[in-house]
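The values are calculated or read from the model by the stated rules, or taken from the named source; none is laboratory data. Because the structure is a prediction, the values reported are computed rather than measured. Because the Cβ atoms are built from the backbone with ideal geometry, glycine has one as well, and the counts that use them run over all protein chains shown. The protein model used for the area step is the full one, side chains on, heavy atoms only, and it has no ligands, DNA or RNA in it. Shrake-Rupley method; radii C 1.70, N 1.55, O 1.52, S 1.80 Å.
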Amino acid sequence: MAVGYVLVERGNPGNLEAPKKFYAQAKSKGVLSLRKVSKEIAEGSTTVSDTDVLAVLNDLTKVLRRHLENGEIIHLGDFGTFQISLTSDGSETADKFNQSLIKNPKVAFRPGIDLKDMLATLKYEKAK
């Protein structure tokens, strides 16, 4: 299988006079729900049902939320690592900084070895 991409024309935000260039952007082929993921995991196992898997994945979401809100990094072995990342506007001095300057919090995911290996061997095709 291959990952689809489309070409998008973009300007250079650092140099508005520069000519625009075309860049690849990944094109998804659909969305896989948590329920569908749980069914697929259960199909590969003879010991757990899709309901059991769904319950575990729902609990994983709750555990991730609780520990990320606590500022912890969650390392899930070969799967990968989750942590909070953020950016902020700057202040002239440290004393003038306040939390209202913090912007754009995100959950950052760093893939583990299996997903890194997959990324290194991806094939691509232009989407229709």
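Using beta carbons and a limit of 6 Å, which pairs, at least six apart or on different chains, have the first residue in segment 7-28 and among the β-branched types (V, I, T) and the second one part of a strand (DSSP E or B)?
Every condition considered, the pairs that remain are V8/Y23; V8/Q25.
If a residue has to be under 23 Å from T51 (Cβ atoms) and either of a type outside the set (S, T, N, Q) or surrounded by 12 or more Cβ atoms within 10 Å (Cβ to Cβ) (or both) to count, how many in segment 1-40 make the cut?
Filtering segment 1-40 for residues under 23 Å from T51 (Cβ atoms) gives 31-40.
Right, trim to either of a type outside the set (S, T, N, Q) or surrounded by 12 or more Cβ atoms within 10 Å (Cβ to Cβ) (or both) and you get 31-32, 34-40.
Final tally of qualifying residues: 9.
With respect to G30, determine if the residue is assigned to a loop (DSSP other than H, G, I, E, B), under 24 Å from K116 (Cα atoms) and not hydroxyl-bearing (S, T, Y).
Numbers: assigned to a loop (DSSP other than H, G, I, E, B): yes; under 24 Å from K116 (Cα atoms): yes; not hydroxyl-bearing (S, T, Y): yes.
Yes; evaluated as a whole, the condition is true for this residue.
Of these, L68, L122, which one is farther than 28 Å from A2 by Cα and either among the acidic types (D, E) or touching a residue at least 12 places away in the same chain (Cβ under 8 Å) (or both)?
Values: L122 fails: farther than 28 Å from A2 by Cα.
The unique qualifying residue is L68.
When segment 57-66 is examined, which residues are found to be over 8 Å from S38 (Cβ atoms) and aliphatic (A, V, I, L, M)?
The initial filter retains those residues of segment 57-66 that are over 8 Å from S38 (Cβ atoms), namely 58-66.
Selection gives L60, V63, L64.
Residues are listed down the side, and each one gets a yes or a no for (1) basic (K, R); (2) open to solvent by less than 70 Å² (accessible area, probe 1.4 Å):
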{"position": "L54", "(1), (2)": "no, yes"}
{"position": "L60", "(1), (2)": "no, yes"}
{"position": "R65", "(1), (2)": "yes, no"}
{"position": "N70", "(1), (2)": "no, no"}
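All but one of (1) without any contact (Cβ under 8 Å) to a residue 12 or more places away in the chain; (2) acidic (D, E); (3) closer than 27 Å to M118 by Cα hold for D78, so report the exception by its number.
(1)
Go through the residues of segment 48-61 one by one and say whether even a single one is in a loop (DSSP other than H, G, I, E, B) and more than 30 Å from A127 (Cα to Cα).
yes
How many residues are touching a Leu at 6+ places or on another chain (Cβ under 8 Å), open to solvent by less than 70 Å² (accessible area, probe 1.4 Å) and assigned to a loop (DSSP other than H, G, I, E, B) if we restrict to segment 72-89? Show your work before the answer.
The initial filter retains those residues of segment 72-89 that are touching a Leu at 6+ places or on another chain (Cβ under 8 Å), namely 74, 79-80, 82-84, 88-89.
Those still in the list that are open to solvent by less than 70 Å² (accessible area, probe 1.4 Å) too: 74, 80, 82-83, 88.
Narrowing further to those that are assigned to a loop (DSSP other than H, G, I, E, B): none.
Matching residues across segment 72-89 total 0.
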